[in-house]
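First up is the structure itself, then whatever we jot down about it.
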Amino acid sequence: RWDRKAAMVRCDLIRWVAMGSVPLAFAFGHLTLVQLYIVAFVEGTAYVFFSIAQISALPHVVSKEHLPRAYAMDNTTEYVGQLLGPGLGGFIIGLAPVIAVGAILAYLLDSASYLVSVITLRFIKGQFQAERTREEQRALRKEIAEGLRFLWQQPLLRIMAILTMNG
């Protein structure tokens with residue numbers, strides 16, 4: 001429904017500001033636990049929207065014959081980031097003489113990575129989605145209702161959705 005490239009850029013701008021707010025608040029002596037919770041929520045929400053846009057844009061950016069490899073590379077980089085990220089964060093924190101300063105440095109570098117992502121996304125040419133005609137656009141509520149009806153009619157999917165709802 002949304003322009004995927006614009007959504008990805010906006011999500012990373014939001015993540016850049018959210019993560020960048022932590023070192024800024026620390027520098028002015030106003031960093032609180034509540035802010036860290038809010039930053040985690042905002043960053044996580046933007047991550048979900050970015051990921052959805054990214055995975056659905058891939059078939060429009062990569063040729064059909066290279067699509068399986070592109071999906072594999074996307075998954076690989078995601079898992080490598082999850083595997084190496086915490087260790088790298090710990091290493092960055094360890095570089096500073098004080099743990100708090102190291103943590104702020106890690107937030108600052110993470111924030112900068114989102115800005116780099118925004119800049120590189122701006123250089124990608126081409127459409128991230130197919131053009132939709134006015135007839136193809138449907139009301140969002142109707143589509144959500146249709147999806148929920150389908151889900152309710154599938155016992156296995158319904159149980160899996162209920163079990164993972166709180167997770």
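Values quoted throughout were computed directly from the atomic coordinates according to the rules given, and no laboratory measurement underlies them. Predicted model only: the values in this text are computed from it and were never measured. Every residue, glycine as well, gets a Cβ built from its backbone with ideal geometry; the counts of neighbours run over all protein chains shown.
Each label was represented as a point 7 Å from its Cα along the Cα-to-Cβ direction; for PHE150 and ALA70 these points are 2.3 nm apart. Taking a point 7 Å from the Cα of GLU143 along the Cα-to-Cβ direction, the residues of segment 37-78 with backbone N closer than 18 Å to it are 48-60. Extension gain, LEU115 to THR164: 0.36 nm times the residue separation minus the Cα-Cα distance gives 14.4 nm. Pairs of Cα atoms nearer than 8 Å and 6+ residues apart set the relative contact order; for segment 19-167 it is 29 percent. Our Cα-only numbers for segment 1-51 put the radius of gyration and Dmax at 12.4, 41 Å. Label sites at PHE123 and ILE55, each approximated as a point 7 angstrom past Cα along Cα to Cβ, lie 2.7 nm apart. Dimensions of segment 17-167 based on its C-alpha atoms, expressed as ranges along the principal axes with the largest first, amount to 58, 37, 30 Å. Scanning the chain for helices, which whole DSSP H stretches are 18 Å or more long along the axis (Cα) and average -1.0 or more by Kyte-Doolittle? Span-like helices in the chain: 4-27, 33-61, 67-95, 99-123, 140-153. The distance from the alpha carbon centre of segment 100-131 to that of segment 1-65 is 8 Å, rounded to a whole number. Full extension of the chain between LEU13 and ALA100 yields a length gain of 28.8 nm, computed as 0.36 nm times the residue separation minus the alpha carbon distance.
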